[in-house]
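Working notes for the structure below.
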Amino acid sequence: MSATLNIAVSAARAAGNLIMRSLNQLDSLQVTAKARNEYVTEVDRQAEAEIIRIIHKAYPDHAILAEESGEHGTGEAVWTIDPLDGTTNFLHGFPQFAVSIALSVGGRLETAVVYDPMRQELFTTVRGGGAQLDGRRIRVSGRTHLEDALIGTGIPYRANLVWMDAYLAMMREVMERTSGLRRPGAAALDLAYVAAGRLDAFWEFGLSTWDVAAGALLIREAGGRISDFEGGEGFMESGNVVAGNPKIYAHLSRLLAPHYARGKRVAQQAS
Ligand code: IPD
Ligand code: CA
Ligand code: CA
């Protein structure tokens, strides 16, 4: 295992263990609402602190971009961290959440881990080395027809409510034309599922860099595609993401395009 992946895995497992210990004490958790529909717990913060401690012990000079505590340092090597992706699920005891950690060097994703502590599933990748689940190679699915595809998504909220009408039209098309639509509630894990072929494609608006970074490398290393809605690389900044196996990604992008164009006009008028 590469040295950076080793550290990423140790950090993700440590955070995952902390999250699992806290799951038994959900009733006594201090919960703060950052904004409507956006919660943070002491577990998010403690898990993040533990991840940063482990990374900085091994790589004191590396920079960090972490959801709860923001930026630490600057430099070529940056670790992007979501210590608990799916906090709403976690707070309800709904067993779908994960730890997401990615390392980029000079803006290029190099190493990534998504860890599901409920199922103890570890998704790992190093650029050029493929993607693995618990050490075994994974690939995106081989499905080619939209009507056979299982599609994942996330529902817009907060600042992204402006996309709601376009989003509902997208949902309707996808529900009518595919074999099913899922909203599991932890974007990093949704992307890992695309990499593992459990979902054939995925789309969401307004994600954050830490939701997407690790999943993006996993998908690419598993032979899949990920982009913004115009096929570009800007998805890490905009958080507007469409991903999938190459065939279903292409079908889904085409299906969503007219609704995206309409939503974009509405979003531009609103800003
Ligand atoms: C959220 C989850 C969710 C997505 C939201 C994210 P958090 O992350 O990934 O699936 O729909 O946009 O904010 O806040 O639980 O880390
Ligand atoms: Ca997240
Ligand atoms: Ca989070």
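The values are calculated or read from the model by the stated rules, or taken from the named source; none is laboratory data. All values reported here derive from a predicted model rather than from experimental measurement. When we count neighbours, we look across all protein chains shown, and the Cβ atoms used for this are built from the backbone with ideal geometry, even at glycine. Keep in mind that these areas ignore ligands, DNA and RNA; they rest on the heavy atoms of the full protein, side chains included. Shrake-Rupley method; radii C 1.70, N 1.55, O 1.52, S 1.80 Å.
Observations
- When the range 52-98 is filtered for residues that are assigned to a strand (DSSP E or B) and near ligand 1 (Cβ under 10 Å from one of its atoms), the ones remaining, listed by number, are Asp82, Pro83, Leu84, Asp85, Ala98.
- Residues being hydrophobic (A, V, I, L, M, F, W, C) and either open to solvent by 40 Å² or more (accessible area, probe 1.4 Å) or within 20 Å of Ser28 (Cα to Cα) (or both) - total across the range 85-131: 7
- With respect to the conditions (1) crowded, with 21+ Cβ neighbours inside 10 Å; (2) free of Cβ contacts under 8 Å to residues at least 12 places away in the same chain, Arg136 falls short on a single one, namely (1).
- Residues (within 16 Å of ligand 3 (Cβ to nearest atom) and not in a strand (DSSP E or B)) located in the range 200-235: Gly206, Leu207, Ser208, Thr209, Trp210, Asp211, Val212, Ala213, Ala214, Gly215
- Among residues of the range 233-251, those that are over 22 Å from Ala169 (Cβ atoms) and open to solvent by less than 20 Å² (accessible area, probe 1.4 Å), counted: 1
- Considering the conditions (1) more than 16 Å from ligand 2 (Cβ to nearest atom); (2) within 18 Å of the chain's Cα centre (by Cα); (3) among the aromatic types (Phe, Trp, Tyr); (4) open to solvent by 20 Å² or more (accessible area, probe 1.4 Å), Tyr260 is excluded by exactly one of them, (2).
- Screening Gln132 against (1) part of a helix (DSSP H, G or I); (2) not assigned by TED's automatic domain parsing to the domain that holds Pro258 leaves a single unmet condition, (1).
- Gly128 within 16 Å of ligand 3 (Cβ to nearest atom) and small (Gly, Ala, Ser): no
- Candidates Glu173, Glu147, Glu110 - the one that is charged (D, E, K, R), in contact (Cβ under 8 Å) with a residue 24 or more places away in the chain, more than 15 Å from ligand 1 (Cβ to nearest atom) and not in a helix (DSSP H, G or I): Glu110
- Of all residues in the range 174-215 being out of contact with any Leu (no Cβ under 7 Å at 6 or more places or on another chain) and closer than 18 Å to Gly142 by Cβ, the one that is least open to solvent (accessible area, probe 1.4 Å): Val194
- For first residues located in the range 88-105 and within 21 Å of Asn6 (Cα to Cα), partners that are assigned to a loop (DSSP other than H, G, I, E, B) and away from ligand 1 (no atom under 12 Å from the Cβ) and lie 6+ apart or on another chain with Cβ distances below 6 Å form the pairs Val105/Glu76.
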